[in-house]
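S.K.: Got a structure here, written out as structure tokens. Questions coming.
Bear in mind these aren't lab numbers, they're just calculated from the coordinates by the rules spelled out. As the structure is a computational prediction, the values presented were derived from the model and not from experiment. Heads up, the Cβs are rebuilt from the backbone with ideal geometry, glycines too, and the neighbour counts pull from every protein chain shown.
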Amino acid sequence: MLKPRSLIAGLSPYRSPIISRDGLSLDLNESMAGCSQRVLARLRSLSASELSLYPQREIGERIVANFLGVAPEQLLLTNGMDEALSLLFTAYLGAIGNDGNELLFADPTFVMYPMLGEALGARMLRVQSGEDLALPVADMLAGISARTRLVAIANPNNPTGLKAARADLLMIAQSAPDAAVLIDEAYYEFCGETLVDALAQHPNLFVARTFSKAYGLAGLRLGVLIGAAQQIEYMRRISVPFNVNSVALACLEAALEDQAFVQEHVAQVKEGREGLQQLCGELGLRFWPSQTNFVLVRVGSTAKTFVESMQRRGIVVRDATANPGCDGCVRITVGTPSQMDGVLRAIRDVVAKML
Ligand SMILES: *Cc1c(COP(=O)(O)O)cnc(C)c1O
């Protein structure tokens with residue numbers, strides 16, 4: 001019988017993150033506003049040769065580098081940020097003995113970090129946030145040792161929506177000079193704070209971005225990894241040359257040029273987020289003030305019932321209970337203003353019936 005590597009055989013079976021596409025999907029932090037019309041127009045203008053020839057990632061990298069104000073050598077375009085994470089983790093973690101193979105992160109955070117760490121056989125040092133779910137900076141600093149190879153931090157964080165202080169993130173980067181320190185800025189546009197400008201002073205620092213959230217292009221799969229040119233070159237060595245497809249590359253410029261679309265979408269999300277948080281406060285539900293396009297809400301021991309009741313009303317939200325420290329919590333993506341009226345009504349209704 002054919003057997004994979006024992007490490008692979010020991011992993012949990014794959015399950016799609018998509019639970020249901022019936023109704024309004026507020027469980028994956030996708031954009032409910034769609035994407036820029038300029039991107040759609042570019043898609044419609046694709047020529048046969050753009051599809052028949054292999055893609056030139058380098059052209060897209062120059063465009064994004066220029067947009068971000070970094071050198072093209074400092075940046076790698078990837079098939080969604082997920083691939084950037086996979087390349088980064090593969091470059092620094094892995095089978096190099098049990099010493100010096102440690103991944104450090106704080107729970108609760110993005111599920112891909114433990115998934116990738118496990119797949120690579122890394123040792124994992126997970127520190128736990130307190131009741132406020134804020135980044136436990138002192139514990140993170142205390143967790144850094146000669147074994148640390150990678151520190152992964154989502155800022156703002158998923159599933160909490162919270163952001164950490166810039167000075168704390170830089171202190172962590174400074175305290176782990178021999179480890180890669182990743183700041184995952186998937187929700188940057190909703191928050192406005194970045195560490196891209198600190199990359200020059202911190203050769204072990206990486207910032208990752210995506211077009212999946214504020215740009216509304218999750219289906220195109222476009223991610224960005226930025227870091228010191230010398231380190232990015234290692235990731236380029238292990239990346240397949242045609243990881244980003246021509247269709248995604250063709251849309252890149254139109255997506256970046258339409259900042260008016262991004263800004264309007266972000267403004268609407270902030271408004272919707274405010275309304276959702278206000279309702280939670282009114283209903284006496286604990287929530288964590290969000291810097292993203294979703295809100296984490298504690299609905300009580302009834303999270304599963306809440307999710308099911310919302311689903312019966314045509315709204316899919318995420319049960320966040322599995323995240324350490326998120327007992328009884330759900331994560332709700334902010335929809336468009338017209339969707340949010342119905343969402344708020346449904347929440348009111350479900351909470352009233354649960355009490
Ligand atoms: C959504 C998300 C990503 C993944 O983005 P893709 O580019 O779609 O792979 C990465 N990190 C965090 C924290 C996210 O929430």
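S.K.: Taking the mean number of other Cβ atoms within 10 Å as a proxy for protection, how do you rank 170-183, 120-133 from highest to lowest?
M.R.: 170-183, 120-133
S.K.: Let me ask another. Which of the lysines could a cross-linker bridge to residue 304, judged by Cα under 24 Å and excluding same-chain residues fewer than eight apart?
M.R.: 353
S.K.: Output the relative contact order of region 37-257, whole-number percent, from Cα pairs under 8 angstrom with separation of 6+ residues.
M.R.: Here the relative contact order equals 29 percent.
S.K.: Per residue and in Å³, how big is the convex hull formed by the alpha-carbon atoms of region 32-97?
M.R.: Convex hull volume per residue, Cα atoms: 157 Å³.
S.K.: Enumerate the residues in region 190-222 having an amide nitrogen under 15 Å from the point lying 7 Å beyond the Cα of residue 174 toward its Cβ.
M.R.: 198-205
S.K.: What order do you get for 47-55, 83-91 when each peptide is scored by the mean count of other beta carbon atoms within 10 Å, highest first?
M.R.: Highest mean packing first, the order is 83-91, 47-55.
S.K.: Could you derive backbone 3J(HN,Hα) for region 316-322 from the dihedral phi with the Karplus parameters 6.51, -1.76 and 1.60 (θ = phi - 60°), listing whole Hz in sequence and x where the residue is Gly or Pro?
M.R.: Each residue's phi maps through the Karplus curve to give 9, 10, 9, 6, 9, 3, 5 Hz.
S.K.: Something else now. By count of other Cβ within 10 Å, fewest leading, how are 14, 187 ordered?
M.R.: The most exposed by this proxy come first: 14, 187.
S.K.: Moving to a separate point now. Quick check on my link table: of 163/213; 163/270; 213/270, which ones sit more than 19 Å apart, alpha carbon to alpha carbon?
M.R.: Exceeds cut-off: none, every pair is within range.
S.K.: Another one. Under a Cβ-only charge scheme (Lys and Arg +1, Asp and Glu -1), can you give me the dipole magnitude of the chain about the Cα centre, in debye to the nearest 20?
M.R.: 840 debye
S.K.: What order do you get for 311-319, 2-10 when each peptide is scored by the mean count of other beta carbon atoms within 10 Å, highest first?
M.R.: Most protected by this proxy first, the peptides run 311-319, 2-10.
S.K.: Please rank 160, 321, fewest neighbouring Cβ atoms within 10 Å first, as an exposure proxy.
M.R.: Neighbour counts put them in this order, fewest first: 321, 160.
S.K.: Here's a follow-up. At 4 °C and 1.567 mPa s, grab the translational diffusion coefficient of region 234-277 from Stokes-Einstein with a Kirkwood Rh over Cα pairs, rounded to a whole number in µm² per second.
M.R.: So the translational diffusion coefficient is about 97 µm²/s.
S.K.: No partner Cβ under 4.7 angstrom, meaning no disulfide-compatible partner by this rule: which Cys of the chain qualify?
M.R.: By the Cβ distance rule, which asks for a partner under 4.7 Å, the isolated cysteines are 35, 191, 251, 280.
S.K.: Report for the chain the percent antiparallel among DSSP-assigned beta bridges with both residues inside it, nearest 5.
M.R.: Around 45 percent antiparallel, to the nearest 5.
S.K.: Karplus couplings for region 144-151 from phi (6.51 cos²θ - 1.76 cosθ + 1.60, θ = phi - 60°), rounded to Hz, Gly and Pro as x?
M.R.: 6, 8, 5, 7, 5, 10, 8, 10
S.K.: Report the FRET efficiency, 1/(1 + (r/R0)^6), for residue 44 and residue 15, where r is their Cβ-Cβ distance and R0 is 56 Å, rounded to 0.05.
M.R.: It comes out at approximately 0.95.
S.K.: Using the count of nearby Cβ atoms within 10 Å as a rough guide to exposure, how do 341, 107 rank from fewest to most?
M.R.: Ascending Cβ contact count within 10 Å gives the list 341, 107.
S.K.: Once every Cα of region 273-313 carries one equal point scatterer and solvent is ignored, give the base-10 log of I(q)/I(0) from the Debye formula at q = 0.26 Å⁻¹, two decimals.
M.R.: -0.97
S.K.: Using only alpha-carbon positions, what ratio does the radius of gyration of region 256-355 give when scaled by 2.2 N^0.38 Å?
M.R.: With N residues counted in region 256-355, Rg over 2.2 N^0.38 Å equals 1.09.
S.K.: Sort out for me the Cα centre separation of region 303-349 from region 25-89, rounded to whole Å.
M.R.: Region 303-349 and region 25-89 have Cα centres separated by 30 Å.
S.K.: Once the Cα atoms of region 37-257 are picked out, what are the Rg and Dmax in Å?
M.R.: Gyration radius and largest Cα-Cα distance of region 37-257: 17.4, 56 Å.
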